[in-house]
Amino acid sequence: MDERLLSRAVEVNFRNLALGHDVFVADGATFVRNLTLPGIYDANFVYGIRVSRRRDIEQLLARAAREYAHATRLTFRIDPFTPPAFEAFLALEGYERDEALVMLLDAPLRTAKRRVDVRPIEDEAAWRAYAELKCMDWREQAPRRNSDPEDATTALGLATSNRLKCPPVRYVLAYEDGLAIGHCNAWEGPDGVGQVEDLFVHPAYRRRGIATALLEACVPLARAGGAGPVVIVADPTDTPKQAYAALGWQPIAICRQYGKKVTNYAPGRAAEAPSPIGPE
């Protein structure tokens with residue numbers, strides 16, 4: 001794959017997560033931060049890391065400790081262009097690691113259309129339905145993250161963080177008999193590479209083509225906004241990646257997330273204001 005396309009495809013997910021939050025560049029990396037969502041890793045993380053010398057790594061880690069003094073966890077997102085020395089240092093320091101499979105659709109979506117009621121989220125009632133589904137999604141995800149599945153604060157924080165991205169991100173819900181049973185979003189992305197993300201279907205309605213119908217709605221939304229290739233990110237340990245491949249997505253990269261709990265975390269504690277070197 002062309003290296004520039006790979007770089008754009010990998011970065012679109014990080015930039016998607018960053019939407020709606022404070023973003024600034026400092027000490028050889030891009031910082032994403034939201035003081036009002038201290039427990040949401042997707043709202044507080046560092047990406048685009050390009051430092052490799054030990055003193056520069058230590059300077060970046062010290063900066064991160066200051067910027068995320070409000071947060072419950074330090075989170076670094078690693079892409080194929082991150083210097084190996086930085087990732088190795090995180091492993092040495094005992095950061096926990098997760099992986100994400102980046103897949104790219106650079107052709108028409110291969111689908112067999114099924115009639116499903118899919119509508120854009122346009123009012124508060126729909127956003128409340130989305131939040132309820134997000135809580136259900138969290139109850140499924142939490143055990144894999146060694147987190148409390150009944151932690152409604154985190155579930156609603158994720159819903160709030162995702163809503164902050166809209167616009168430019170657009171959400172849709174799938175309905176059956178008037179009940180919201182699934183969600184997904186679409187973003188045209190920067191530089192012609194878009195993304196579909198946050199796909200979830202109520203467990204009682206799975207294996208009925210609902211997820212495919214949501215993707216059928218969201219891929220055209222991303223492309224109507226100017227995207228050509230469209231990224232989706234999958235858990236490499238879970239089965240949906242095979243469904244995405246059957247629809248035409250191709251695996252292109254593995255990204256990793258490293259995290260460590262903040263030992264001196266205190267609710268309400270805020271970092272010093274950043275000195276942006278270059279906003280995203």
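Each value in this text was obtained by applying a stated rule to the coordinates, not by laboratory testing. Computed from a predicted model, the values in this text were never measured in an experiment. A quick note on method: Cβ atoms are made from the backbone with ideal geometry, for glycine too, and the neighbour counts reach across all protein chains shown.
Give me the angle, in degrees from 0 to 90, between the Cα long axis of helix 152-163 and the longest principal axis of the Cα atoms of the chain, rounded to the nearest 10.
80 degrees
Return the long-range amide H neighbours of Arg73 (sequence gap of 5 or more, or a different chain), with a cut-off of under 5 Å between placed amide H atoms.
Those lying under 5 Å, H to H, from Arg73 are Val262.
Could you tell me the relative contact order of the chain? Use alpha-carbon pairs under 8 Å, at least six residues apart, and round to a whole percent. List each step's numbers first, then the result.
Working: 513 pairs, mean separation 84.1, N = 280.
Computed value for the chain: 30 percent relative contact order.
Taking neighbour counts of Cβ atoms within 10 Å as a proxy for exposure, in what order, fewest first, do Glu87, Glu197 appear?
With the fewest neighbours first, Glu87, Glu197 line up as Glu87, Glu197.
Identify which of Ala62, Ala186, Ala253 has the largest mean-square fluctuation in a Gaussian network model of the chain, with springs joining Cα atoms closer than 10 Å.
Ala62
Order by neighbour count: Met1, Met136, fewest other Cβ atoms within 10 Å first, most last.
Lowest to highest Cβ neighbour count: Met1, Met136.
By how many nm would the segment from Gln141 to Ala125 grow when fully extended, if each residue of separation counts as 0.36 nm and the alpha-carbon distance is taken off?
Length difference between fully extended and current span is 3.3 nm.
If you line up the long axis of helix 124-141 against the longest principal axis of the chain, both from Cα atoms, how many degrees apart are they, to the nearest 10?
Approximately 70 degrees, to the nearest ten.
Just Arg63, Arg97, Arg145 to compare: in a GNM of the chain, with alpha carbon springs under 10 Å, which one fluctuates most?
Result: Arg145 has the largest fluctuation of those listed.
Multiply the residue separation of Leu179 and Arg115 by 0.36 nm, subtract the distance between their alpha-carbon atoms, and state the gained length in nm to one decimal. Before the final figure, lay out each step's value.
Values: separation 64, 0.36 × 64 = 23.04 nm, distance 1.55 nm.
The Leu179-Arg115 span can extend by a further 21.5 nm.
Quick one: which residues, 5+ away or cross-chain, put their amide H under 5 Å from the amide H of Ala253? H built at 1.01 Å from N.
Val102
Considering lysine pairs in the chain that are 8 or more places apart or on different chains, how many have Cα atoms under 24 Å apart? Write down the numbers at each step before the final one.
On the way: Lys113/Lys241; Lys134/Lys165; Lys134/Lys241; Lys134/Lys261.
Lysine pair count for the chain: 4.
With springs only between Cα atoms under 10 Å, which of Ala64, Ala91, Ala129 fluctuates most in a Gaussian network model of the chain?
Fluctuation is largest for Ala91.
From the backbone phi of segment 227-243, what are the Karplus-calculated ³J(HN,Hα) couplings (6.51 cos²θ - 1.76 cosθ + 1.60, θ = phi - 60°) in whole Hz, Gly and Pro given as x?
Once rounded to whole Hz, the list reads 6, x, x, 10, 8, 9, 10, 10, 6, x, 9, 10, 7, x, 4, 5, 5.
In deg cm²/dmol, rounded to 500, what helix-only [θ] at 222 nm does the chain give when every DSSP H run of at least 4 residues adds -39500 (n - 2.57) and the total is split over its residues?
Values: 7 runs with 92 residues, N = 280.
About -10500 deg cm²/dmol.
Shape call for segment 1-54 from the C-alpha gyration tensor, a ≥ b ≥ c root eigenvalues: rounded (a/c under 1.5), prolate (a/b greater than b/c) or oblate? Walk me through the numbers on the way to the answer.
Numbers: a/c = 2.70, a/b = 1.40, b/c = 1.93.
The shape class here is oblate.
Roughly how big is the chain's charge dipole about its Cα centre, with Cβ charges of +1 (Lys, Arg) and -1 (Asp, Glu), in debye to the nearest 20? Walk me through the numbers before you get to the answer.
Values: 35 positive and 37 negative charges, 52 e Å.
It comes to approximately 260 debye.
Can you tally the net charge around Tyr205? Count Lys and Arg as +1, Asp and Glu as -1, for every other residue whose Cβ sits under 15 Å from the Cβ of Tyr205. Spell out each step's value before the answer.
Numbers: positive: Arg114, Arg115, Arg206, Arg207, Arg208; negative: Asp117, Glu132, Asp137, Glu140, Glu176, Asp177.
Local net charge: -1.
Residues in segment 1-45 near a label at Phe81, defined as backbone nitrogen under 13 Å from the 7 Å Cα→Cβ point?
Residues 2-15, 29-30 qualify, since their backbone N sits under 13 Å from the label point.
Fewest to most neighbouring Cβ within 10 Å: what's the order for Glu188, Glu67, Glu96? Walk me through the numbers before you get to the answer.
On the way: Glu188 21, Glu67 24, Glu96 14.
Least to most surrounded, the residues fall as Glu96, Glu188, Glu67.
Roughly how many nanometres apart are two label points built 7 Å out from the Cα toward the Cβ at Glu132 and Asp191?
In this crude label model, Glu132 to Asp191 measures out at 4.1 nm.
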